[in-house]
1. What's the total number of residues in the range 120-136 that are touching a Ser or Thr at 6+ places or on another chain (Cβ under 8 Å) and not hydrophobic (A, V, I, L, M, F, W, C)?
2. Report whether or not Glu279 is surrounded by fewer than 23 Cβ atoms within 10 Å (Cβ to Cβ), of a type in the set (Asp, Glu), more than 26 Å from Ser193 (Cβ to Cβ) and away from ligand 2 (no atom under 11 Å from the Cβ).
3. What pairs come out if I take residues in the range 354-371 that are within 16 Å of Leu30 (Cβ to Cβ) and pair them with residues that are small (Gly, Ala, Ser) and in a strand (DSSP E or B) whose C-beta lies under 8 Å away, six or more apart or interchain?
4. Taking the condition of being within 16 Å of ligand 1 (Cβ to nearest atom) and closer than 15 Å to Asp259 by Cα, how many residues in the range 287-316 meet it?
5. For Glu62, are the conditions met, namely being under 30 Å from Lys205 (Cα atoms), out of contact with any Lys or Arg (no Cβ under 6 Å at 6 or more places or on another chain) and among the acidic types (Asp, Glu)?
6. If I ask for residues that are touching an Asp or Glu at 6+ places or on another chain (Cβ under 6 Å) and in a loop (DSSP other than H, G, I, E, B), which ones from the range 319-331 would you list?
7. Which one of these does Asn347 not meet: (1) out of contact with any strand residue (DSSP E or B) (no Cβ under 8 Å at 6 or more places or on another chain); (2) closer than 19 Å to Phe397 by Cβ; (3) within 15 Å of ligand 2 (Cβ to nearest atom)?
Amino acid sequence: MNSSDELLYLGVFENKTPLHIERIKIHKKLMNLSFPFETSFARFDSLIRIFPEIVFRTESGEIITGMGECSPLSAPWYDYECHRTVELALNYIIFALTGKSVDNIDGNVAEGMPPVTDIISFLDRFKWIVGHNMAKSGIEGAYWDAVAQLNNVPVLKLWGGKRTTVPAGTSVGLEPTIDAFIKKIDIAIGELSVSRVKVKVKPGKDIKYIEAIRKKYPEIKLQVDANAAYDLLNPEHVAILKEFDNYNLLMIEQPGRNDDIFDHSRQLADLKTPICLDESILNEMHTRQAIELWRQNSVVSKLIINIKPPRVGGFLESIRIAKMCHENGVSVWCGGMYESALGKTSNIHFCSREEVNLPGDHISQAPYFKENVADSPIYNAGEITVPDGVGWGLKNFDLKA
Ligand code: OSB
Ligand code: MG
């Protein structure tokens, strides 16, 4: 398929005006969490958020500024990316987009760089950089924000998004005791009425915790996320995962290694509970291979994909994955990386696509951060309203706040 056929097929609207990149600037902000968040890999209480800003100029001289977000963690816990690798990779991306030497990038553009004419040729300029998806995703976000402003529409219109509200779930971090854990669940259900709860688990903090939740909340939509903490070749670990079948869970997210697809399909084929892949899906190719493998093992009805735009290198790839899953009857939802209000809002625009058919990780048990860069999208009783303002539609955006 050529690029305009592909965009037509995806229902994505292309930029029709040549855009000259004037300047790229990278903003960085240390953001403190409202409360520490613990997964099977680490407990953290602050994050550095990186915001690429791209200034474009149209042929008629109009200036449009787009802003994106890179949402890595602070160390290579979740995958190899962290805020240091993102900064490094951004140097190469800026080099590719501005034509300035990678050791002397200043954000300005070298003479004679041709204008950007559409999303695919924009992405092609830095496609040669292997990996570093979180860096790429923030750059792509800035492009979409600018093109939406140019067309005077919210980003979801460019992406073919139809939903006006999207269901929001919460991700509950590990706690030292079952009591502390249940308090978080109480907030999620009692105060926030989230549309589903996801809880972090790891060996030793799994069945007892889930049992306690189910005792108090037999009916809620509940799922678990292990962030690669179980060894799928260890029969004891597989037996624990099998025990989850007794608790009516929506899914078990990434129990096995972050870089595995094969063992997730083969070793867990006997489980009733669907398996959701997060860490091990980095692109559309991985998605196709997972679907094929699950089909070969006759378990494709028990495959779910968590799409995180930062993890898969951006929004167009996210839309490709969502479309492919939909065509194969595989459910998808949008995960989170503890993004700031900007990154969360861009995820919400993505969720307005109808293929995204399960609640995502969009809210926390308290505001994510002590101070945020904009108002968070409006949340009420399990649903988030998709912003309808131009671009991301952010309110009170301020990086200095
Ligand atoms: O695995 O989904 C994950 C946070 C950081 C890194 C990985 C994950 C998470 C979450 C929280 O579960 C998602 C969120 O609310 O942003
Ligand atoms: Mg996860």
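The values are calculated or read from the model by the stated rules, or taken from the named source; none is laboratory data. As the structure is a computational prediction, the values presented were derived from the model and not from experiment. Virtual Cβ from ideal backbone geometry, glycine too; neighbours counted across all protein chains shown.
1. Step one: of the range 120-136, the residues touching a Ser or Thr at 6+ places or on another chain (Cβ under 8 Å) are 120-121, 132, 134-135.
Those left that are additionally not hydrophobic (A, V, I, L, M, F, W, C): 121, 132.
So the answer is 2.
2. Details: surrounded by fewer than 23 Cβ atoms within 10 Å (Cβ to Cβ): yes; of a type in the set (Asp, Glu): yes; more than 26 Å from Ser193 (Cβ to Cβ): yes; away from ligand 2 (no atom under 11 Å from the Cβ): no.
Judged against the criteria, Glu279 is not a match.
3. Tyr368/Ser34; Phe369/Ser34; Lys370/Ser34
4. Residues flagged as within 16 Å of ligand 1 (Cβ to nearest atom) and closer than 15 Å to Asp259 by Cα within the range 287-316 amount to 4.
5. Values: under 30 Å from Lys205 (Cα atoms): no; out of contact with any Lys or Arg (no Cβ under 6 Å at 6 or more places or on another chain): yes; among the acidic types (Asp, Glu): yes.
Answer is no for this residue.
6. If the condition is that a residue be touching an Asp or Glu at 6+ places or on another chain (Cβ under 6 Å) and in a loop (DSSP other than H, G, I, E, B), then no residue fits.
7. With respect to (1) out of contact with any strand residue (DSSP E or B) (no Cβ under 8 Å at 6 or more places or on another chain); (2) closer than 19 Å to Phe397 by Cβ; (3) within 15 Å of ligand 2 (Cβ to nearest atom), Asn347 is out only on (1).
Residue-by-condition table, conditions (1) within 16 Å of ligand 2 (Cβ to nearest atom); (2) farther than 18 Å from Phe35 by Cα:
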site: Pro167; (1), (2): no, yes
site: Thr170; (1), (2): yes, no
site: Ile182; (1), (2): no, no
site: Ala188; (1), (2): no, no
site: Val199; (1), (2): yes, no
site: Ala228; (1), (2): yes, yes
site: Asn248; (1), (2): no, yes
